[in-house]
Each structure stands twice: as structure tokens, then as C-alpha cells.
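Please read the structure below before turning to the comments.
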Amino acid sequence: MSSLQPVRGTRDLIGDEQRRHRHVIDTARHVSGLYGFEEWSTPIFEETRVFSRTLGETSDVVTKEMYTFTDRGGDSVTLRPEGTAAVCRALVSNGLTQSLPQKVFYAGPMFRYERPQKGRYRQFHQIGLELIGPAEPLADAEVIACGWQILSDLGIAKSVVLELNTLGDMDSRTAYRAALVDYFTRFATELSEDSKARLERNPLRILDSKDEGDRRIVADAPTIAGHLTPLAAGFYDSLRNSLTALGIPFVENPRIVRGLDYYNHTAFEFVTTELGAQGTVMGGGRYDGLVKQMGGPETPAVGWAAGIERLAMLVTALQAEAAPIAVIPAGEEAEGAAFGVLQKLRQAGIRAEMSYRGNMRRRMERANKLGARAAVILGAEEAARGVVQLKDLVSGDQREVARDVLVAAIRALPSAGADA
Ligand code: HAM
């Protein structure tokens, strides 16, 4: 058998990568809690129709990227490509549509059959927020503000720009759609094959085209600004005013349409130039029609999701783990007693390590290699007297300490490897 590798587009998270990953989730979990969001976990696969109709029949995700298969019972299921549709399904399934607002935080793997490259994977991970219930633009400002605080706490707010757009309400969209069809029809022969198809089914999608030729045509396409109803324009004004009042910088980008079809009014992305082509670290917007599509009542909602891998790549300063305490038996006969001391330290919340074999010198070398803060040394004689030698590996000082005050003595070491 040739050597086994992870499936293309998937990755193992080990060591520093896993630490960064966890740091992103911990930070987001903490900050979203300050804003009143509660964590939900939904299954990583759903009935295919949860996604197929709701994300947009012409979207890339649905047409090309879903991991869909028939299970052994003959049902069509799909590995979730995103979390929003799943959260709306869960809201309806759990009878929560009358218990609003629901403020949901989630973190977990998503699956899209995309062409892998830096920052783009087939199994990737998202953190996300969904604020379900309020129709007010203040809710949009709140989820953006929470996203901004997460990016700030991760230390990457300086590397990203918030790009903002409105997609208007239904009437604005209908008027804008007509204007786009008008415009793109004039270039119908020059558009890419994909965009020709989009012209009939979903002309807004053309604005998102990656094709060079399409992009030249898109550059002069009309923007939605001239087609907004007074209501939609007012909504957008109000959001911009809130963001300005909160001191959250943004630029307007009328070309943001987002890759999924469920959006109306607000659409936004936090983008960076530091990751090459895959520069969108967080994206979201308002999706007032999705809960109804899931079989629930008309329910407004707004949210975002962010790629953990992309955020993790931008995080520079990770808080170092506390240095461990090395427990070192002097001679084989003290090993059992040392193992007992090791357990006591861990139970007290102190990170501690003991090698599985080796003489004292070897074990001391290993302690230094681990970057241990201090060594706890005990031989048979110390064990019998109920004491240990505590050696500060930074200052080199060594002194005898009674076992029952060892935890306190370790905590008293200047910046010791102990949880306070
Ligand atoms: P999305 O724009 O499809 O939106 O994805 C959100 C973020 O997930 C992207 O900005 C990117 O950082 C990350 N991402 C997407 N695909 C990949 C990939 N293949 N590899 C690595 N990272 C990726 C959504 O998923 C919506 N559910 C967001 C939302 C929530 N809208 C409202 N609520």
C-alpha cells in the first residue's frame, strides 16, 4: 500500500496549528458570550434539502461544491457546507421560532469540494454568529461589532478592512435585477459561459464572477444605490450611522454580493491583503427569508461566519503555555512516591511532567529541554521523611520543602508554571 495521506484539501491540526485554532475559538466563544450569544452544535450532516434550495440553486456551493451522498437507508444527506441553514433548521426543528431573539454562536468543521489552495480547504472550520429575530439595523451593527471585537482581541483588526454593501429589500432587488439584465444583455456575446447562464437565472451572480473578461464588463455595471427603495436606503443609512458611532471603520463596496443567495439588505466582508487570493476572513449579512424557507414563520435574522484557518494564519502572538514543573525521582525506589507527587500537583492545577525512564542526569536534561520552571526531586530518604527538594531552574536555588506545602511553594515561585 502506498503511504497514507490525508484526503486532498483536508489537514491534520497538530502542535502550533492546533493551538492557534483553539485560540481563535476560545477568543470568539468568550467575546460572543459578552454579547449574549449562546453556543449551539448542530450535526455535521443534514438532509440535502436543508442546503440545496436555501443557499441558492445557482450558487457555486450548491452546483459544484457539496459533499452529497445517499446513505445506506437511501436518504440523500450532505456534509454541511456552512452553518446558517443548519442553525435555521435547528431553530424550527426545536420549536424555538416563538422564543426570539435567539443569539447563536457556533464553531466546527464545514465541507466544500473546492480547488484547494492556501487558505482554502475541503474540510475547513468556521466560527459563526446568528442573531435571529430582530429586524432592526441595530442587530446588524451588533453582530458586526462583535465580529470586530473578536478580530481586535485576536490582534488582527489592523490587518483587515470591513467592506460593506446593501443588497436592498425585495423591491430594490427586482428593480436592480432588471437594470442588470438590461446592462449585461448588451454584452451577452462577450460574457463567459457561466455568466451567460447566470444572466437568465441570477444576474446578480455575474458581479461575483472571477472571469477576467466578465470582470471588465462588471466594472461599469450599474450599482444598487440608484435602485434602493426609501425603506432599504433608510436601513442602510441607519447601519452606517451605528457603525460610525461605534468607531468601527468600514469602506463601502457595491460589488459585494456574497456567494450564497439568502441575503437581503446588509452584506459585509472583513478582508485582508495578507493571505493572497483567499483574503476574506469573515463574511455575512442579513437573511430575512431563510427561516421561512426552512418551514418556520417569517423571521428576520443576521449573522456572519469566519474561516478559522484564515484567522489562525493572521494571529501572531500566542500566549505561551505556563512552563511545567518536572518531577524527578532520585533512584528507582523513589519512582512510586514521585509519581504520587506528580499526581498531586496535577490535581492542584499545576502542569507537571515526569519522564518514564532514565537516571537523574537524563531526567534533568529532559526537564531543561521541556523548559521546566522548577524541578521537584525526591529520593527514598526524602520520600520517607515526607519532603522533596525544590530546585528553581531559573535561579538555580534549591531547598527542601515539606510535601504538604509543595503546591504553595511552587505557586510562590516568581511567574511559576501554576494556575493561580
Ligand atoms: P461564506 O462567505 O461562504 O459565508 O464563508 C464564511 C467564511 O468562511 C469565509 O469568509 C472564509 O473565511 C471561510 N471559508 C469559506 N470557504 C472556505 C474554504 N473552502 N476554506 C477555508 N475557509 C473557507 C457563510 O458560510 C455564511 N454561512 C456566513 C453567514 C452566517 N451569513 C449569515 N450568517
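The values are calculated or read from the model by the stated rules, or taken from the named source; none is laboratory data. Quick caveat: nothing in here was measured; it's all calculated off a predicted structure. Quick reminder, even Gly has a Cβ in these numbers, built from the backbone with ideal geometry, and neighbours come from all protein chains shown.
Odds and ends about this structure:
- Ala323 being surrounded by fewer than 23 Cβ atoms within 10 Å (Cβ to Cβ), touching a residue at least 60 places away in the same chain (Cβ under 8 Å) and closer than 30 Å to Glu38 by Cβ: no
- Qualifying positions in the stretch 244-276 - near the ligand (Cβ under 9 Å from one of its atoms) and either among the charged types (D, E, K, R) or more than 18 Å from Ala305 (Cβ to Cβ) (or both): Arg258, Glu269
- Number of the condition not met by Pro324 [criteria: (1) over 30 Å from Ile156 (Cβ atoms); (2) in contact with an Asp or Glu (Cβ under 9 Å, 6 or more places away or on another chain); (3) not polar (S, T, N, Q)]: (1)
- Residue check for Leu390: at pLDDT 95 or above and within 30 Å of Glu274 (Cα to Cα): no
Per-residue answers, yes or no, for (1) small (Gly, Ala, Ser); (2) over 24 Å from the mean Cα position of the chain (by Cα):
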site	(1), (2)
Val257	no, no
His265	no, no
Leu275	no, no
Gln278	no, no
Arg286	no, no
Val315	no, no
Ile328	no, yes
Gly331	yes, yes
Ala338	yes, yes
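- Of all residues in the stretch 111-134, those being of a type in the set (Asp, Glu) and over 16 Å from Phe37 (Cα atoms) number 1.
- Residues in the stretch 195-222 that are within 18 Å of Ala277 (Cα to Cα) and of a type outside the set (D, E, K, R): Leu207, Ser209.
- Of the numbered criteria (1) surrounded by 11 or more Cβ atoms within 10 Å (Cβ to Cβ); (2) out of contact with any Lys or Arg (no Cβ under 9 Å at 6 or more places or on another chain); (3) more than 30 Å from Gly74 (Cα to Cα), the one Arg49 fails is (3).
- Whichever residue in the stretch 1-21 is free of Cβ contacts under 8 Å to residues at least 24 places away in the same chain and of a type in the set (A, V, I, L, M, F, W, C) and, among such residues, is nearest to Met110 (Cα to Cα): Leu13
- Selection count, the stretch 138-171, where residues are among the acidic types (Asp, Glu), surrounded by fewer than 22 Cβ atoms within 10 Å (Cβ to Cβ) and part of a helix (DSSP H, G or I): 3
- Looking at Thr63, Thr78, Thr48, just one residue is in the same structural domain as Met294 (by TED's automatic domain parsing), in contact with a helix residue (DSSP H, G or I) (Cβ under 9 Å, 6 or more places away or on another chain) and among the polar types (S, T, N, Q), and that residue is Thr78.
- Within the stretch 124-138, the set of residues being over 13 Å from Gly285 (Cα atoms) and either under 13 Å from the mean Cα position of the chain (by Cα) or within 9 Å of the ligand (Cβ to nearest atom) (or both) comprises Phe124, His125, Gln126, Ile127.
- Of all residues assigned to the stretch 320-330, at least one qualifies as being of a type outside the set (A, V, I, L, M) and modelled with pLDDT under 95.
- Residue within the stretch 252-259 that is assigned to a helix (DSSP H, G or I), surrounded by 17 or more Cβ atoms within 10 Å (Cβ to Cβ) and not basic (Lys, Arg) present: no
- If you go through the stretch 194-222 and keep only what is surrounded by 15 or more Cβ atoms within 10 Å (Cβ to Cβ) and either touching a His at 6+ places or on another chain (Cβ under 8 Å) or not in a helix (DSSP H, G or I) (or both), you end up with Asn202, Ser209, Asp211, Ala221.
- Among the residues of the stretch 290-311, those identified as of a type outside the set (A, V, I, L, M, F, W, C) and buried (at least 20 other Cβ atoms within 10 Å of the Cβ) are Thr299, Pro300, Gly303, Gly307, Glu309, Arg310.
- Annotation for the stretch 63-78: at least one member residue is of a type in the set (Phe, Trp, Tyr) and free of Cβ contacts under 8 Å to residues at least 12 places away in the same chain.
- Which listed residue is closer than 25 Å to Glu274 by Cβ and either modelled with pLDDT of 95 or more or more than 8 Å from the ligand (Cβ to nearest atom) (or both), from Tyr113, Tyr121: Tyr121
- Counting only helices (runs of 4 or more DSSP H) that fall entirely inside the stretch 265-351 and contain at least 1 residues that are within 30 Å of Thr174 (Cβ to Cβ), the qualifying elements are 290-293.
- Index of the failed condition, Arg357 passing every other in (1) in contact with a helix residue (DSSP H, G or I) (Cβ under 8 Å, 6 or more places away or on another chain); (2) of a type outside the set (Asp, Glu); (3) not in a helix (DSSP H, G or I): (1)
- Filter result for Ala367 (crowded, with 16+ Cβ neighbours inside 10 Å, small (Gly, Ala, Ser) and touching a residue at least 40 places away in the same chain (Cβ under 8 Å)): yes
- Annotation note: of Thr189, Thr174, the sole residue that is surrounded by fewer than 16 Cβ atoms within 10 Å (Cβ to Cβ), outside the structural domain of Arg20 (by TED's automatic domain parsing) and under 25 Å from Leu290 (Cβ atoms) is Thr174.
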